[in-house]
Structures are given as C-alpha cells and as structure tokens.
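Beneath this line is the structure, given in structure tokens, with notes to follow.
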Amino acid sequence: MTTTMQRWAVVAALVAVAGPALAATKVENAWARGTVQGQPSSGAFMQITSTEGGRLVSVASPWAGMAEVHEMKMDNGVMKMNAAPFLELPAGKAVELKPGGYHVMLMGLKQQLKGGELLPLVLTIEGAGGKKETLELKVPIKALGQ
C-alpha cells in the first residue's frame, strides 16, 4: 500500500468512528474499486465490527443511484451474486466484506470512481431493540490495477 493510500485508510478509519463517543460499530480497511469512464457499477469492501451486535440494514452513496449489500457464492459450480436484505454483525466479531464474498455493490454510478479520491458512503446499522446507528464514511478509492 502506498503512503498516500495508507493516509487515506487512516482518514477513512477516523471518519468511520467519528460521531458518538461510544459508537457501537467500527469500520476498518475500507476501500472501493476504481472504475473507467462510463462504467455503471463497482464495489466497496471493508471490515465491520459491532461491539453490541446488530445488522447492516442499508447502504447509500450520493455517487450511486443504488447501493446494496451483495453476496457472491458458488451454486452448482456457478458463481452467483444476489442482494442480501441485511448482513448480520455478531457482537465483537469482525465481518469482512471482500471481493468474491459479501460486498457493497454500487450501481448506477453518477461519476467515475478515480484512484486517490474518497467515496462518500453511509451505512445504517440496526442494533438491539431496533436502535439505528448511522456511519458516514469517506472510503478511499483504489485505482484499477492496485
């Protein structure tokens, strides 16, 4: 990882835990895949840890027409991708969103995702008793080929 990307990763981590001093959820190692001009979709990846447990119930970005949590998995020898209505976040356990597994799917991109820029992303977590927590992130974009 380049020094610039390391700095952006630190910024993203700090933004993720900003807000309430006792935030129940933290996001680490967040990044989004860069695109070429006109590409309609991309993915964002991260590790999410909820101290109290909960569910990731929605994702949004002003740079995308739609953002959803998707899961990729093998089904009878064929890789398939489907939207997940939510993502369970067991208490104290990091859940990894990564290429080839669960990830944030950004569709209907309104602009190119360029390496070195920061993608605004909002995660909504529903905790015990239906209490909602909103995380406003600035996710570093990795240029294609990185």
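Could you list 105, 46 so that the one with the fewest beta carbons within 10 Å of its beta carbon is first and the one with the most is last?
Numbers: 105 20, 46 24.
Final ranking by Cβ density, sparse to dense: 105, 46.
Setting aside same-chain residues fewer than 8 positions from residue 73, which aspartates and glutamates have a Cα under 16 Å from its Cα? Answer for residue 73, where 16 Å is the Cα cut-off: 96, listed by chain and number.
Between amide H atoms placed 1.01 Å from N, distances below 5 Å from residue 58 occur with 124, all of them 5 or more places distant or on a separate chain.
For residue 53, the amide hydrogen comes within under 5 Å of the amide hydrogens of 91, 92, counting only partners 5 or more places away or on other chains and with H modelled in the peptide plane. In this structure, the amide hydrogen of residue 139, modeled 1.01 Å from its nitrogen in the peptide plane, lies closer than 5 angstrom to those of 119, 121, counting only residues at least 5 positions away or on a different chain.
Read-outs: derived from the displayed coordinates by stated rules, not from any lab. As the structure is a prediction and not an experimental result, all values here were calculated from the model. Don't worry about glycine lacking a Cβ; one is built from the backbone with ideal geometry, like all the others, and counts go over all protein chains shown.
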